[in-house]
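Read the structure below first, then the notes.
Please treat every number below as a calculation from the coordinates, not as lab data. Since the model is a prediction, treat every value here as computed from it, not as a measurement. Cβ placement follows ideal geometry from the backbone for every residue including glycine, while neighbour counts extend to all protein chains displayed.
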Amino acid sequence: MRPAQHPDMRVTILLSTYNGAPFLPAQLESFLNQTHQNWEILWRDDGSTDETRRIMHEFSSAAGTGRCREAPSSGPHMGAAPSFLTLLAEADRSSILAFADQDDVWLPEKLDRALCHLAPAGDEPALYCARQYLVNKQLAHARISARHERLGFPACLTQNAANGNTLVMNEAAARLVVRAGYPPGSVHDWWSYIVVAACGGQILFDEVPQVLYRLHEHNLIGRAQPLYRRAWAALQRGPLIYITMMHRHADMLESQAGRLTEEARQDLRLIQAGLKGGLLARLAALRCPRFRRRTWLENLLFGWWFLSARRTTRPAPHPAWSVSKGETEEAV
């Protein structure tokens, strides 16, 4: 194992667990195999009923004092996004912060590469994410995930490019996300990406895959099914879920516009006018060259959905009305 390039940089791994016993040991082993060993785990269990908590406590004992800590909030079921964002708020943000899913496997240089990308940002907000190897539940049949060249704001409102199982933030970026709160129904990685991008932080995308992303029937997001089936399912669902989440993300940003860059505020005003207005306002929003998804085919569907969405898709103000995380991700 080669030495870490940034041995003094402390990484706090944020791990939310929920009935993850079948896959959790392999992920924990991949933490131990990191070339960068200056890390600790802050974990919270989200109401597991299997052997997950026993696995975590046994790992904590073996890892050594203070290296694996259970969060004060651990226990009650909150759902994945609130659980991860609660961990982010409870973490010591003097370190680098990395989200980790319980059923994936990190490649050995994952933390090292994240730190190499983040180090030049210094004290400025920066968020790292990477491509993945998509594998089945036996970690076989790997294929590489999509590359993303269109990053930043407002492209982040149209599509999530920051997969949570690869996402690593520095202290300044984490502080922005914690202060921003989050809209109901959103997912922690997408919202983190939106906040950091809108506030002028750097979005650093690694073309080299760093995670084995395990796709199986119990994934909360991500489904082991062909692209054409996902595309057909999206067409059948229509724009309601997608446009609803765009409303919520945009409204949440608008409520704290003072933290956004001037360019982001201008783009947001244009997009909000389109979301709230008629056809001409929507056409004006779509003329923004930064308001785009990854491919021409995705943009064709996006444009159709954005133009055809009725004002009745605007989310209800009551926070109890929420789109599920799985539906949100599949819609985008």
*Mind checking the full-extension length gain between residue 175 and residue 276? Use 0.36 nm per residue of separation minus the Cα-Cα distance, one decimal, nm.*
33.3 nm
*Cα→Cβ-extended label distance, 7 Å offset, between residue 207 and residue 283, nm*: 3.8
*trypsin sites (Lys or Arg not before Pro), loop per DSSP, at most 12 other Cβ atoms within 10 Å - longest free stretch of the chain*: 1-146
*asked:* So if each residue of separation counts as 0.36 nm, and I subtract the Cα-Cα distance between residue 29 and residue 295, what length gain in nm does that give?
replied: 92.1 nm
_I'd like the orientation of helix 52-63 relative to the chain: the angle between its Cα long axis and the longest Cα principal axis, in ° from 0 to 90, rounded to 10._
50
_Value at 222 nm in deg cm²/dmol, rounded to 500, when DSSP H runs of n ≥ 4 in the chain each add -39,500 (n - 2.57)_ = -12000 deg cm²/dmol
*For the chain, set up a Gaussian network in which alpha carbons nearer than 10 Å are linked by springs, and say which option among 57, 188, 141 fluctuates the most.*
141
_Dipole moment magnitude, nearest 20 debye, the chain about Cα centre, only Lys, Arg, Asp, Glu C-beta charged_ = 1340
_Using alpha-carbon coordinates, inclination of helix 296-308 to the longest axis of the chain, degrees_ = 50
_Within the chain, which is the longest segment that contains none of the GluC sites (Glu not before Pro) sitting in a DSSP loop with at most 13 other Cβ atoms within 10 Å?_
1-148
*For the range 248-309 and the range 105-156, what is the separation of their Cα centres, given in Å?*
26
*Top mean-square fluctuation among 212, 24, 280, Gaussian network model of the chain, C-alpha springs under 10 Å?*
280
_Running a GNM on the chain with Cα contacts under 10 Å, which residue among 35, 244, 295 ends up with the highest mean-square fluctuation?_
295
*asked:* For the chain, take the longest principal axis of its alpha carbons; what is the angle in degrees between that and the long axis of helix 188-198, to the nearest 10 within 0 to 90?
replied: 60
